[in-house]
Amino acid sequence: MSRLSDWHIAALLALTGIAGPLLLPALVTQFAFLWLMIVFAVTWDILGGRMGYNSFGNIVFFGIGCYAAAVIQRDMGLPYFEGLALGLVVGTGLAVLAAALLGSALLGIRGHYFAIATLGLTVASGEIAAGWNYVGAGSGMALPLYPGALGERELFFSYSLFAVAACCFLLCRWLYSTRFGLALNAIRDDHDKADAMGLRTTPIKIFAWCIAAFFLALSGGLAANMIGFIDPRDVAFAGATFGVWMVLMAILGGKGTLWGPVLGAVVFHITQEIFWTWLLGWQRVALGALIVIIVVFFPQGIMGWWAERRARREAA
Amino acid sequence: MSALLEVRNVTKRFGGVVANANISLGVERGEIAGLIGPNGSGKSTLFGCIAGAHAVDEGDILFEGAPIKHLRTATIARLGLIRTYQQTRIYGAMSCMENMAISAREAQGGLLSLLRPVPPATSRRAADLLAFVGLHEKREEKAARLSFGQQKLLEFAMALMNEPKLLLLDEPTAGINPTLINGLIDRLRRANSELGVTLLVIEHNMRVIMNLAHRITCLAHGQVLAEGTPDEVRDDARVLDAYLGVA
């Protein structure tokens, strides 16, 4: 993709983010979820696409963000926005710490074994949260009410999630332009070779996961407040939905590419809404079929398919 | 000249198989040393032991006088000891230039030093070295799209990019077009003389190793069979036996 169209996409997204909720007030929540999906896909791609570590455990950091915000807002007795801010700070801090600790234990595992280990991590986290009375156990936690006027709350969270998604994308874009980005790719392409060339692979891998954890926890705290309620298995540690979707969105768009995860998130989110609207009752079946179609026909994702098509046309 | 690498009585077992039995050899600073031996004689295993890929069962390995046998591969690499693989290993989905950039010495630094773009000087050096091995025209191609021989050359260039003190090359000419082999010998010599890289080379092509190496060690059945100048090794009856079988 040329530089020009890069900027076109960026401008279009920025315009949607800023003007969309105002022009289409009925869709504000949809926009907010779209930005959340973009954060999911872009952060998943740091490990999954760039570093070759397919994680089904990234949702754990989202869940940590959800619960940290909820607990802080419940127990600290602060006004709404102060409580939210502190909750986000604590949540991101805990998530980054968790990523560093879990990373030093799990990132030594390669390939499918890493995927399975992280899947276990997600299931375990959900079970722990569902059995822990301090965080409401199986009945989850309710977040405090947004203090502003009706409708203002959706607007606030839509804009904040847009800001998180934009910052996350721009940071990743910068990271991939540095030697760090090349190091991630080197680990993906041949981990043993990267070791043999003297790269400090362990800190590189842990740092990459910490970045993903930071943005996931940030979006988690905001999303929990937007939804107003967190369920341990269906919202916070929702491995079967959010946890799988982030993988799918990145693959659909084209993992390891700059715009792929963003594109994948947009297409996925719109498709899902269409299913909900017109295929109600069958939406899960349709989603399942979509997953199969993605994996079978677009293993390279939309961006990969596009690049291949262009290469073939140039060759012809 | 002082010993850059010293292998002292190294033994490596895989279960009941003794791949390296009490092997001792030395590589002097600035030389090109050769390692030959029939298939399965333990050459690549010895490389693995030196580079930290295998844990040594007995014996010692000294690099610049300091023991390295307990160090990890990456740590050994950062000391300036780099190896290439018999089955070529490159970063397939990255372009040749990216392969080179991430192989530079500064890429071995800590996290903070990685959070910078590739400096123009590094890119220039990468392009120069790619030209040195004859891959300049392919520099923007994905490494996986290169032929096996070209990948071998890329791996060699990546190793040079790292500016190692000692480079272990595992069969650098295997899979390379015979017409290009003379060019490769010349490049290996120039890497040694102009870039000051000491080489330890495993090679099956006798013409290549006899032309290239200053000194040759021959392994058989995991043991050192003979050692000396190319002429001495070539004329050694035991070496002939090991390769051709006792008449």
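Give me the aspartates and glutamates in straight-line cross-link reach of residue A:255: C-alpha distance below 16 Å, same-chain residues under 8 apart excluded.
Partners within reach: A:45, A:189, A:308.
Quick one: give the max-minus-min coordinate of the C-alpha atoms of the protein assembly as shown along each principal axis, largest first, in Å.
94, 57, 42
Leaving ligands, DNA and RNA out of it, report the carbon-plus-sulfur percent of the accessible area of the protein assembly as shown at a 1.4 Å probe.
Heavy-atom surface of the protein assembly as shown belonging to carbon and sulfur, 1.4 Å probe: 63 percent.
What percent does the relative contact order of chain A come to when contacts are Cα pairs within less than 8 Å and at least six residues apart?
30 percent
Could you tell me the relative contact order of the range A:178-311? Use alpha-carbon pairs under 8 Å, at least six residues apart, and round to a whole percent.
Taking the mean separation of contacting Cα pairs over the length of the range A:178-311, I get 17 percent.
Leaving out same-chain residues fewer than 8 places away, which lysines sit with a Cα under 20 Å from that of residue A:193?
Cross-link targets: A:205, B:43, B:69, B:142, B:152, B:165.
Which parts of the range A:169-186, residue by residue, lose 50 Å² or more of accessible area when the rest of the protein chains are there, as against the chain isolated (1.4 Å probe)?
A:179, A:182
Send over a whole-number figure in Å² for the accessible area per residue of the protein assembly as shown, probe 1.4 Å.
That works out to 44 Å² for each residue.
Which residue, A:221, A:35, A:84, has the largest displacement toward the positive end of the dipole of chain A when charges sit on each Cβ (Lys, Arg +1; Asp, Glu -1)?
The listed residue farthest towards the positive side: A:35.
Chain pair A, B: how much accessible area is buried, both chains summed, with a 1.4 Å probe, in Å² to 100?
2600 Å²
What are the membrane-span-like helices in chain A by this rule: whole DSSP H runs, Cα extent along the axis at least 18 Å, mean Kyte-Doolittle hydropathy at least -1.0?
Counting only whole DSSP H runs, the qualifying helices are A:3-23, A:28-45, A:59-75, A:80-106, A:111-130, A:152-176, A:201-227, A:260-278, A:283-297.
On alpha carbon coordinates alone, what is the Rg over Rh value for the range A:167-224, Rh being the Kirkwood radius?
Here the Rg-to-Rh quotient is 1.08.
What relative contact order, as a whole-number percentage, does the range B:3-244 give when Cα pairs under 8 Å and 6 or more residues apart are counted?
27 percent.
Given the protein chains as shown and a 1.4 Å probe, how many square angstrom of residue B:186 are accessible, to the nearest 10?
Answer for residue B:186: close to 70 Å² accessible.
Put simply, what bits of the range B:64-83 lose 10 Å² or more of accessible area when the other protein chains are there, versus the chain on its own (1.4 Å probe)?
Buried by 10 Å² or more upon assembly, which counts only protein chains, are B:73, B:74, B:77, B:78, B:82, B:83.
Rounded, prolate or oblate: pick one for chain A, where a ≥ b ≥ c are the square roots of the eigenvalues of its C-alpha gyration tensor, a/c under 1.5 means rounded, and failing that, prolate if a/b is larger than b/c, else oblate.
oblate
Can you tell me which aspartates and glutamates have their Cα less than 18 Å from the Cα of residue B:12? Leave out same-chain residues fewer than eight positions away.
Partners found: B:57, B:58, B:60.
Within the set of other residues whose C-beta is less than 14 Å from the C-beta of residue B:134, count the net charge using Lys and Arg as +1 and Asp and Glu as -1.
For residues surrounding residue B:134, the net value is 0.
Of the beta bridges DSSP finds with both residues in the protein assembly as shown, what % are antiparallel, to the nearest 5?
Here the share of antiparallel DSSP bridges comes out near 60 percent.
The values are calculated or read from the model by the stated rules, or taken from the named source; none is laboratory data. All figures in this text were calculated on a predicted structure; none of them were measured in a lab. FYI the Cβ positions are ideal-geometry reconstructions off the backbone, even for glycines, and counts take in every protein chain you see. Just the protein is used for accessible areas: all its heavy atoms, side chains included, with ligands, DNA and RNA removed. Shrake-Rupley method; radii C 1.70, N 1.55, O 1.52, S 1.80 Å.
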